[in-house]
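Here the structure comes first, spelled out in structure tokens, and everything after it is commentary.
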Amino acid sequence: MMLIPCPFCGHRSESEFAYGGPVKPDRPDPHTTSDEDWVEYLTTVPNPLGPVQERWWHVKGCGTWLTIWRDTRTHDIVEGPGDAG
Amino acid sequence: MQDRRFPTGGRIDRGQPLAFRFNGKEYTGFSGDTLASALLANNVRLTARSFKYHRPRGIVGSGPEEPATLVELDGRHASANQAATTVRLEDGMAARSVNCWPSPGLDVGAVNQLFAGLIPAGFYYKTFKWPGWHLYEPTIRKAAGLAGAPEAPPLDGHFEAVHAHADVLVVGAGPAGLMAALVAGRAGRRVFLADERIEAGGSLLDRRLEIAGRPALDWVAESVAELETMPNVTHLQDASAWAYREHNCLMVNERSLVNSTVLERNWRVRAGRVILATGAIERGLVFPQNDRPGVMLASAAQAYVNRFAVKPGERTVVFANNDSAYGVASDLRASGIDVAAIVDSRDVIPDFARNFAGDIPIRAGAVVVGVRGRRAVRGVAVAERDGRGAEKIDCDLLLHSGGWNPTVHLFSQSRGRLRYDDSLATFVPDEAVQACASVGGAAGELSLASALRTGAEAAAKATGTKIPDLPAATEESYSIAPLWHVDAPGAKGKAFLDIQNDVTVDDVRLALIEGYDSVEHVKRYTTGGMGFDQGKTGNVNIVGTIARQKGVPLQDVGTTTFRPPYTPVSFGAIGGIREESVVLPYRHTPVTRWNLDRGAFMYEAGARWRRPGYFPCGDEMFQETVNRECRAVRECVGVYDGSPLGKFELKGRDVDRFLDHIYTNLMSTLKPGQCRYGLMLTEDGLILDDGVAMRLGEHRWLVSTSTAHADTVHGHMDELLQTQFPDWNVHVTPVTSQWNNATVCGPKAREVVAALDTDIDLSPEELPFMRFADGHVAGLPARVVRVSFTGELSFEINVAPRHMRDLWERIMEAGEPFGIEPVGSEASHVLRVEKGFLSLGHEVDGTVDAHDLGMGWIMSKKKGDYVGKRSVELRRRGNAIRRELVGLLPVDPNVQIPEGAPLTPGGETRPTEGLVTACVWSVVLDRWVALALLENGQSRHGETVHVRLKNATVAADVMAPVFYDPEGRKMRS
């Protein structure tokens, strides 16, 4: 069971959070994007071996959606590449 | 008669005799015994039958490593497949051997031994292939005969799960662990110390060692007493750390609690640093007939003699490849057991060991090549490694020691890597990955002095304190020459690597010949190491046997993966009190009590809300009840409790554009006081939820959702606001439980609400359909909303929960002259089907979109963008055949169609063209009516289609999906 840093509550057990999935690129503008790019945005979820940026919802805590980098090989919560926070 | 019990000594309380039954016979033991020690004290030698060949087996070990004797406990201790060596004896306990019928002495399955040569590794997989293994598996498993799970939950008591936090978690209260706990405790840190045995001391309980010139157990007692004085220390005995998970989270299962109503308590301990003082486990030697009752690990015999004051035999032979067995021989002889010989596979024996042996004859460079006696050891055959100098020695106990394996299970679970150590001939912890340190035997530090030292060092490092002066202790030496299995000429018969799963040296050889090359494959093919003991005494011998066969170093073979649990844990303990009713309690409305008093049949209706299904009257049949409730709504008036609907209050300057983004239709054009039905999609264009949005004020809205999807919608809104639109000014407050409502519906609804005495003008001009008004109803502050889920004139009266019961009773009172009936979920379902109102989970199943439901009008064309818009457009562009919502009238009006039944062309055995989503008895049409999703259904009205059932087809006419008041005049009235 991981220990996830919540920006408001500090380190809390994984069981207080709901998984929000890997962070996708920004939503493309539906007016200008191509069909292929839209489908790509919808269906291709980042699934790297190594650090992945993902969202968690502190649903049984303060309700914050937060973003962390997690190494999929070790579950270590790590500094992301060029991560500003 | 405990005729194998020494009159004095041991960690047992002779003042507390305990009566117990084993395989139906009565015995007594003492407080402090395990089931195994009590059986040995009563000279019960044959205690089990083996898993595959049903060979007679006895007790081999003294702790969780026990590979042979598994028992099933009955009565209040009911549990399956427990190692007899870890069962704490209690008065009145009843245990049975698991793998034999009717008893280990007379076992019908023993006939398997005759065919043993025909049951090699992989026999079952190879033989029972056609048509599929799964056809045979249940019978084979049953023949294998391990105990089943208890059939009922425990009669008294419950399981518990708790969280704990520690700066330093110490696993194991042997010399290293106690020392570590003392150092960390004295430094004032929060210390959590857990040990699997009944009392602290670890290996010191089993041996006769000294610390600071006094018996080591005095030091143990003083240390435990000192820890007890420290409020910052939690010390648990009979508590196994069984899992080491990510981020230093460990699971500790505590048994034998002071509060006997707690059967077991599972601790989830999050630790700053973990000190693993889990000790080491002796592994066996592998030689022919090494599984006979009376063949025992040397360290186990030492434990039985010293800790339990039990004499495991009268005359013993000790077979070893290392020095530790010499101390055992010395202890046994001091207790009056005749040690006939020490057989040592090494040519050169260190003086350190020889000094222990005294005048016991030693045969160096020799091995045991066979054991006499089937149901009990009667003697051994010994020869030199090249087969010369064979001799037979009579004995009733054969002790063996193949070396010591550090208990690296938790370390390995923490993802720490292991390294093969040549001088110890075993795997030891290498680099740690998480914040943990291995000390003492767990780190391969096998002497007492080094255990104390490494324990103190690790705790000093963890707490940033100085290493204290250590008490003096013997620095025993230890040397070993690996012997993975005996293959001297003349050594014939089955030599077991894994005693529990009956895996022999030949099985491993066969697996390698057949190409199962990696240690993980060998494990799965032979099942070696897959028993309840997880190969604690045998796995390293398997690795050694593979290495030898392949001619590679053990490091290259490696170990199999260590996975939790370290020792078996009851499912109850893992679940704790998170039993269903506690984890997911039912949600109730203030009307529940009234419903029950009224005789309602209650069940769950989405998101754990417990609601009335229907209100039976007299000896009505189910359908009669539902019809009566439906007729009340259609003909006069009914009332239902709509409180469970999800409700969210949204405030802020940007709510308008936010709602326009999440609903498919335009919401921002609503004026205060107006409501609008809306649909929410997910970004991939599927329907997420439907509900009603109300504008309360310029920047204040109330959004209602379906009962089942309230939490989903909440998450959806929160995620969008926090991740996509963090700069939008929208605040979402869940108010599901802050607003309850009673919905009065039916042609007489207005008269009933008027009779309640209200200051709200209920006329259709002032309060038309899809409007709401705030005021008072029956003297209670209320909001009255004109929405309808039944197709009738409806007033949804919303009040605070504390007023709900009051309101409800007033409505029933006021409605009585009009024939009001309370309406349950069943009637609500009928009423919405008659109107063709969609229901998520029935008509909306994750494939349909709004157009399929005939609701294309709700997909705004004015808005450039909203969630799901692009995806719906994309999906519909291909002109693919869609399943569309239709109404069905069975040609025979008295035929009910099961919900979910498939529609096929002509009712033939062909691919389906749709399915029936709902079928109800319509009180307005006096017949069965159904809703269905049908391919191109919207252009097939008037056609006859066929429902294909198992033994019949049902013809039905297709029509528009609305059976009652298609213009919606009633609900607008």
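Quick look at the numbers
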quantity: Förster-model FRET efficiency, 56 Å R0, A:Leu49 and B:Arg388, C-beta, rounded to 0.05; calculated: 0.45
quantity: Computed Kirkwood radius, in angstrom, where 1/r is averaged over Cα pairs of the protein assembly as shown; calculated: 34.3 Å
quantity: Chain A - Cys residues lacking any other Cys C-beta under 4.7 Å; calculated: A:Cys62
quantity: Exposure proxy ranking, count of Cβ atoms within 10 Å, fewest first, for B:Ser570, B:Ser438, B:Ser939; calculated: B:Ser939, B:Ser570, B:Ser438
quantity: Amide N of segment B:201-220 lying under 15 Å from the label point, which is placed 7 angstrom from the Cα of B:Asn355 along Cα→Cβ; calculated: B:210
quantity: Measure of compaction for segment B:868-973 (Cα Rg per 2.2 N^0.38 Å); calculated: 1.17
quantity: Cα pair count fraction exceeding 22 Å, expressed as % - chain A; calculated: 34 percent
quantity: Hydrodynamic radius of segment B:572-684 per Kirkwood, over alpha carbon pairs, in Å; calculated: 18.3 Å
quantity: Backbone HN-Hα couplings from phi across segment B:928-941 [Karplus 6.51/-1.76/1.60, Hz, Gly and Pro as x]; calculated: 6, 10, 9, 10, 8, 9, 9, 4, 6, x, 5, 9, 10, 4
quantity: Where labels lie 7 Å past Cα in the beta-carbon direction, separation of B:Leu584 and B:Glu620 in nm; calculated: 3.0 nm
quantity: Kyte-Doolittle mean at least 1.6 and Cα axial length at least 30 Å: DSSP H helices in chain B; calculated: none
quantity: Förster radius 22 Å - calculated FRET efficiency between B:Ala110 and B:Lys492 (Cβ-Cβ, nearest 0.05); calculated: 0.60
quantity: Nearby lysines by direct alpha-carbon distance to B:Lys311 (threshold 25 angstrom, same-chain neighbours under 8 apart not counted); calculated: B:Lys25, B:Lys392, B:Lys536
quantity: Interchain or long-range residues, amide H under 5 Å from B:Tyr603's placed H; calculated: B:Arg611, B:Gly613
quantity: Segment B:347-411-segment B:853-920 distance, computed between alpha-carbon centres (Å); calculated: 78 Å
quantity: Cross-link table B:Lys671/B:Lys861; B:Lys126/B:Lys523; B:Lys651/B:Lys835, entries beyond 24 Å C-alpha to C-alpha; calculated: B:Lys651/B:Lys835
quantity: Likely footprinting exposure, B:Thr47, B:Thr707, fewest C-beta neighbours within 10 Å first; calculated: B:Thr707, B:Thr47
quantity: Alpha carbon centroid spacing (whole Å) that separates segment B:746-812 from segment B:459-504; calculated: 80 Å
quantity: Lys, Arg +1 and Asp, Glu -1 on Cβ, resulting dipole of the protein assembly as shown about Cα centre, debye, nearest 20; calculated: 1820 debye
quantity: Spacing of the two label points (7 Å from each Cα toward its C-beta) at B:His134 and B:Asp517, in nm; calculated: 3.1 nm
quantity: Under 13 Å from the Cα of B:Lys748 - aspartates and glutamates, other chains or at least 8 residues apart; calculated: B:Glu635, B:Glu792, B:Glu816, B:Glu821
quantity: Cα point-scatterer Debye curve for chain B, base-10 log of I(q)/I(0) at q = 0.06 Å⁻¹; calculated: -0.64
quantity: Unit charges on C-beta of K, R, D, E only; dipole of segment B:324-431, Debye; calculated: 460 debye
quantity: Dipole-positive endmost among B:His946, B:Asn23, B:Leu840 within chain B (Cβ charges, Cα centre); calculated: B:Asn23
quantity: Set of lysines with alpha-carbon distance to A:Lys60 below 21 Å, sequence-local pairs under 8 removed; calculated: B:Lys647
quantity: Residue exposure sequence - B:Lys25, B:Lys950, B:Lys970 - by fewest surrounding Cβ within 10 Å; calculated: B:Lys950, B:Lys25, B:Lys970
quantity: Cα→Cβ-extended label distance, 7 Å offset, between B:Phe769 and B:Asp556, nm; calculated: 8.3 nm
quantity: Overall Cα dimensions of segment B:284-402 - principal axes, largest extent first, Å; calculated: 39, 37, 21
quantity: Calculated [θ] (222 nm, deg cm²/dmol) that DSSP helices of n ≥ 4 give over the protein assembly as shown, each run adding -39,500 (n - 2.57); calculated: -6000 deg cm²/dmol
quantity: Part-to-part distance (alpha-carbon centres) for segment B:645-682 and segment B:438-455, which is given in Å; calculated: 67 Å
quantity: Per-residue ³J(HN,Hα) for segment B:5-22, Karplus 6.51 cos²θ - 1.76 cosθ + 1.60, θ = phi - 60°, Hz, x for Gly and Pro; calculated: 9, 5, x, 9, x, x, 9, 10, 10, 5, x, 10, x, 10, 8, 8, 10, 10
quantity: Descending principal axes extents, segment B:1-92, alpha-carbon based, whole Å; calculated: 41, 28, 24
quantity: For segment B:740-814, the Rg and Dmax computed from alpha carbons only, in angstrom; calculated: 10.9, 31
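Laboratory data are not the source of any read-out in this text; all were calculated from the coordinates shown. Quantities reported herein were computed from a predicted structural model and do not represent experimental measurements. A quick note on method: Cβ atoms are made from the backbone with ideal geometry, for glycine too, and the neighbour counts reach across all protein chains shown.
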